[in-house]
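Have a look at the structure below, then the notes.
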Amino acid sequence: MWLHNVHIAGLRGSSRIRILDNKIKSVLPDNKTKQTNDNSPGIYFENAIAFPGFINSHDHLDFNVYPSLRSRLYVNYEEWGRDIHVQFADIIQQVLKIPLAFRIQWGVYKNLLNGVTTVVNHGALLQIPDKLITIYQECAVLHSVQFEKNWKWKLNRPFIGKTPFVIHTGEGTDEEAAREIDQLVRWNVFNRNIIGIHGVAMNEKQAPHFKALVWCPASNYFLLNNTAPVDSLRLKIPVIFGTDSTLTASWNLWDHFQLARKTGMVNDEDLLSMVTSIPAQVWGFRESGRIADNYLADITIVQKRNSPNSPESLFDAGQPDILLVMHHGKIILFDSNLLNQLTRAGIETGGFSRIYYDNRCKYVKEDLPALVQKIRQYYPGAEFPFTCAGDATIIPADK
């Protein structure tokens, strides 16, 4: 398969990408007058930009049916955790009635619809038999110093090897949040590789004790009206990007991008690297994070709203502008405008369902409308950022 006439972020001009099996076989300058030297089917784009499939370095996949919950701003996550279980106990109980499998499945779709092809789940090991995207859970998960029982022993238990530890830390604006980071560092007796999440209270002296920091600005501003000083911290350690769940942040990753840009602490190039190449290095994904020869064919293609060569347009798009999402060489989401091309090229379109952002129709792998109906049977108040077709929502696999 060829993807023609796409602008690859970081490269000049338009390119064509050859996909073979689950890998990127080659990336070449596009020449509309030159035919490809094989009979592979091709998809042609206009004014489109291609990213490596985004890597979301922090989410709780089973928490994404929740609405965002707070009654006020807080000084730390512990205060928030206590408060919502008092103020919103009824909503929490309603969501927990939804079978875990349905909540997890929606968490996966939340990421897919945002152009994410790899997500790092934080929490208990989840059983996800049908993985539309890559779910990374091969790390030692600790919730936090305050909420993880026996965290000191778990951090220092023997025979753990080089497995990275992932933990919420410094999620607050008070002195306790800063002291919590010092406590975590002090008790890391065997110098484990710790990837901290949030780090709102982290300073440059504390940062080198961590392998990396996951920055979640939307979640931080929602709870604390503050976020980590990543402009200085990323001079000390790698900083990567996470969404957290809808308990504390919008489902919309592109809103998170806009908020990150408004902080003035990163530019578009920095931000793109935080969801592609840098997390690939931090998590050890050797074949992800780039659109290049022999890398996994995890690709998101977006319709640009500005001129084709405008660098300011990198993150000016949103979910309705996503034209195609590919995971390991397989298309898992495409815009309705591509349907005829895919059909003529003989590319498999069976087993996709339709969703709508206003008048923009997207085809998504498997039956997402059915999942929405199942969730609403248990929680009628569940909100989703799209509407579903009333009839014939799924393309039969034999069409």
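The values are calculated or read from the model by the stated rules, or taken from the named source; none is laboratory data. Bear in mind the structure is a predicted one, so any value in this text is a computation, not a measurement. Using ideal geometry, Cβ is built from the backbone for each residue, glycine included, and neighbour counts are taken over all protein chains shown.
Cβ separations smaller than 7 Å between residues 6+ apart or across chains give the following pairs from region 334-354 residues that are closer than 16 Å to A48 by Cα to residues that are assigned to a helix (DSSP H, G or I): F334/L342.
Assess whether I91 counts as being aliphatic (A, V, I, L, M) and not in a loop (DSSP other than H, G, I, E, B). Here the answer is yes, as I91 does meet what is asked.
Among the residues of this structure, F257 does not count as one that is of a type in the set (F, W, Y) and outside the structural domain of V119 (by TED's automatic domain parsing). Among the residues of region 235-246, not one is in contact with a strand residue (DSSP E or B) (Cβ under 8 Å, 6 or more places away or on another chain), of a type in the set (D, E, K, R) and over 15 Å from S219 (Cβ atoms).
Show the residue pairs that are 6+ apart or on different chains and have beta-carbon atoms under 8 Å apart, the first residue being within region 105-132 and over 25 Å from I278 (Cβ atoms) and not assigned by TED's automatic domain parsing to the domain that holds V275, the second being modelled with pLDDT of 95 or more and outside any helix (DSSP H, G or I). Within 8 Å, no pair qualifies.
Using the structure shown, decide if I237 is out of contact with any Gly (no Cβ under 7 Å at 6 or more places or on another chain), surrounded by 18 or more Cβ atoms within 10 Å (Cβ to Cβ) and not in a helix (DSSP H, G or I). Against the criterion (out of contact with any Gly (no Cβ under 7 Å at 6 or more places or on another chain), surrounded by 18 or more Cβ atoms within 10 Å (Cβ to Cβ) and not in a helix (DSSP H, G or I)), I237 qualifies. Count of region 305-330 residues, restricted to those that are among the hydroxyl-bearing types (S, T, Y) and modelled with pLDDT of 85 or more, is 0. Among the residues that make up region 179-186, is at least one of them assigned to a strand (DSSP E or B) and touching a helix residue (DSSP H, G or I) at 6+ places or on another chain (Cβ under 7 Å)? Looking for residues that are assigned to a strand (DSSP E or B) and touching a helix residue (DSSP H, G or I) at 6+ places or on another chain (Cβ under 7 Å), one finds none in region 179-186, hence no.
Whenever a residue of region 163-188 is within 30 Å of F285 (Cα to Cα), its partners that are among the acidic types (D, E), lying with C-beta atoms within less than 8 angstrom and at least six residues away or across chains, give the pairs T163/E138; I167/E148; T169/E180; G170/E180.
Looking only at strands (runs of 3 or more DSSP E) that fall completely inside region 108-165, which ones have 3 or more residues that are over 23 Å from S250 (Cβ atoms) and not polar (S, T, N, Q)? Break it down into steps so the answer makes sense when it comes.
Working: elements: 116-121, 134-136, 140-144.
Correct list: 140-144.
Could you pull out the residue among N150, N220 that is among the polar types (S, T, N, Q) and on the phi > 0 side of the Ramachandran plot? Please lay out each step first, then the result.
Values: N220 fails: on the phi > 0 side of the Ramachandran plot.
Selected residue: N150, the only one of N150, N220 that is among the polar types (S, T, N, Q) and on the phi > 0 side of the Ramachandran plot.
So is I49 without any contact (Cβ under 8 Å) to a residue 60 or more places away in the chain and within 25 Å of D255 (Cα to Cα) or not?
In short, no.
When region 121-150 is limited to residues that are among the small types (G, A, S) and more than 18 Å from the chain's Cα centre (by Cα), the one that is modelled with the lowest pLDDT turns out to be A124. For the structure I just gave you, tell me whether E269 is at pLDDT below 95, assigned by TED's automatic domain parsing to the domain that holds E171 and over 30 Å from A382 (Cβ atoms). Here the answer is yes, as E269 does meet what is asked.
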